[in-house]
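A short write-up of the structure that comes next.
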Amino acid sequence: MISPALPELPDGVTVTALRDLAVRLATAAGALVREGRPDRVVVAATKSSEVDPVTVMDRASEELLREMIAAERPDDAIMGEEGDDVPGTSGLTWVLDPIDGTVNYLYGVASWAVSVAVVAGPPEPATWTVLAGCVHSVADGRTWSAGLGEGATRDGTPVHVGSATSLGASLLGTGFGYDAERRAQQGRVLAQVLPRIRDIRRLGSAAIDLCLLADGSIDVYYERGLNPWDMAAGAVVATEAGAVVTGLRGGPAGNAMTVAGPADLVAQLAEILEAADADGAGLAEIP
Ligand code: LIP
């Protein structure tokens, strides 16, 4: 997998320095969320549906990330899951998921992460260039990071996608949305996929899923309905580890569909997903 070309960066800015900052941001917010986790986590509010929760720690984590970015990179823009977009003048945007896997955080299931990425260009998966990213799995401390053209690491050790070539022997990661009708559609698609793979893993955090793909802990991944902050950092870790991250029908990865893995596994999986209309191209749009 060849990394996309490096766009022009602001004076004095390097991919390595941006990557280093992403790691410092994610681990600092991770420490806050870990130390601040009450014995019983309560839902502060719900968002897209009654089962789409936000907790006080989601907000506290994002607030810390925004403060640190404003201090270290005041001219950069910010787009985060829990707050308003902040415009910038540098051409760079920080894309923040303060707790990815909030339902796991709520239940104490140890698969949730702080995900921090910095992109050049309009902060939209179809058009952005992800320059660097970090996914910090707070419960166990695993930290994946990558820089454009620099490769990807887990806890400092280089990682690469697995070597599975047959979908039938592949362990697949996926996830489901917060909308009941959407989950019904995703269930119908999964019924088409299940007989054609080894097994699925539903771990509850797209950011961690994409990083497990990058280090070969799962062989291939797909999910419909991801927000930019769910996938930004995980996507650069996966691509720098040798994965293709794409949509269906040759389109870019994004909310309609994100498929990731070694090129030949992605091609095999995309055929099944397209036949199952998994990106909803043929269905009425679910809000
Ligand atoms: C989560 C994603 C996950 C998806 C969940 C949820 P959140 O993000 O990371 O892949 O299956 O439904 O969207 O809401 O925890 O930031």
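Output the DSSP H helices from the chain with an along-axis C-alpha extent of no less than 15 Å and a mean Kyte-Doolittle hydropathy no less than 1.0. TM-like helix candidates: 263-275.
Between T127 and A180, what is 0.36 nm times their sequence separation minus the Cα-Cα distance? Round to one decimal in nm. Please report the intermediate quantities before stating the final value.
On the way: separation 53, 0.36 × 53 = 19.08 nm, distance 2.98 nm.
Extending this stretch completely gives an extra 16.1 nm.
Considering only protein heavy atoms and a 1.4 Å probe, what is the carbon-and-sulfur percentage of the accessible area of segment 197-287? Let's see the in-between values first.
Working: 1510 of 2960 Å².
Carbon and sulfur together cover 51 percent of it.
Of the listed peptides 13-19, 43-49, what is their order by residue-averaged count of other C-beta atoms within 10 Å, with the highest listed first? Each step should come with its number before you reach the end.
Details: 13-19: 17.1, 43-49: 12.9.
Result, highest mean Cβ count within 10 Å first: 13-19, 43-49.
Rounded to the nearest 0.05, what FRET efficiency do T89 and R196 give with R0 = 45 Å and r taken as the Cβ-Cβ distance? Could you check?
Details: r = 49 Å, r/R0 = 1.08.
The computed FRET efficiency comes out at 0.40.
For D39 and A70 in the same chain, what is the full-extension length gain: residue separation times 0.36 nm, less their Cα-Cα distance, in nm?
Numbers: separation 31, 0.36 × 31 = 11.16 nm, distance 3.13 nm.
Full extension of this stretch gives 8.0 nm more.
Taking the DSSP beta bridges in segment 1-140 as the whole, what percent of them are antiparallel, to the nearest 5?
Details: 18 of 22 bridges.
Close to 80 percent.
Summing Lys and Arg as +1 and Asp and Glu as -1 over all other residues whose Cβ lies under 12 Å from the Cβ of A169 gives a net charge of 0.
Sort 262-269, 181-188 for me by packing, meaning the mean count of neighbouring Cβ atoms within 10 Å per residue, highest on top. List each step's numbers first, then the result.
Working: 262-269: 19.2, 181-188: 14.9.
Highest mean packing first, the order is 262-269, 181-188.
Got the relative contact order for segment 102-195 handy, in percent, Cα pairs under 8 Å and 6 or more residues apart?
14 percent
The residues of segment 1-149 present an accessible area of 44 Å² per residue when probed at 1.4 Å with all protein chains retained. Given +1 at the Cβ of Lys and Arg, -1 at the Cβ of Asp and Glu and no other charges, the dipole of segment 34-84 around its Cα centre is 240 debye to the nearest 20. For the chain, the relative contact order comes to 17 percent (Cα pairs under 8 Å, sequence separation of at least 6).
Find out how many positive minus negative residues lie around L269, taking Lys and Arg as positive, Asp and Glu as negative, among other residues whose Cβ is under 11 Å from that of L269. Before the final figure, lay out each step's value.
Details: positive: R196; negative: D219, D264, E271, E274.
Cβ neighbours under 11 Å give a net charge of -3.
Indicate, rounded to the nearest 5 percent, the antiparallel portion of the DSSP beta bridges found entirely in the chain.
Looking only at bridges with both residues in the chain, the antiparallel portion is about 80 percent.
Classify segment 18-96 from the C-alpha gyration tensor, please: rounded if a/c falls under 1.5, else prolate or oblate depending on whether a/b exceeds b/c. It is oblate, given that a/c is not under 1.5 and a/b is not larger than b/c.
For segment 92-102, the Karplus equation 6.51 cos²θ - 1.76 cosθ + 1.60, evaluated at θ = phi - 60°, returns couplings of 9, 10, 8, 10, 10, 10, x, 9, 8, x, 4 Hz by residue, with Gly and Pro reported as x. Tell me, what is the percent relative contact order of segment 16-153, built from C-alpha pairs under 8 Å that lie six or more residues apart? The normalised contact order for segment 16-153 reaches 24 percent.
I need the shape label for segment 170-284. Rule: rounded when a/c is under 1.5, else prolate if a/b > b/c, else oblate, with a, b, c from the alpha carbon gyration tensor. Rounded shape, in that the Cα axes give a/c under 1.5.
The label-point distance for A276 and T46, in a model that sets each label 7 Å from Cα toward Cβ, rounds to 2.7 nm.
The values are calculated or read from the model by the stated rules, or taken from the named source; none is laboratory data. All of these numbers come straight from a predicted model, not from anything done at the bench. In this analysis, Cβ positions are derived from the backbone assuming ideal geometry, glycine residues included, and neighbour counts consider all displayed protein chains. What goes into the accessible areas is simple: the full protein's heavy atoms, side chains included, and nothing from ligands, DNA or RNA. Shrake-Rupley method; radii C 1.70, N 1.55, O 1.52, S 1.80 Å.
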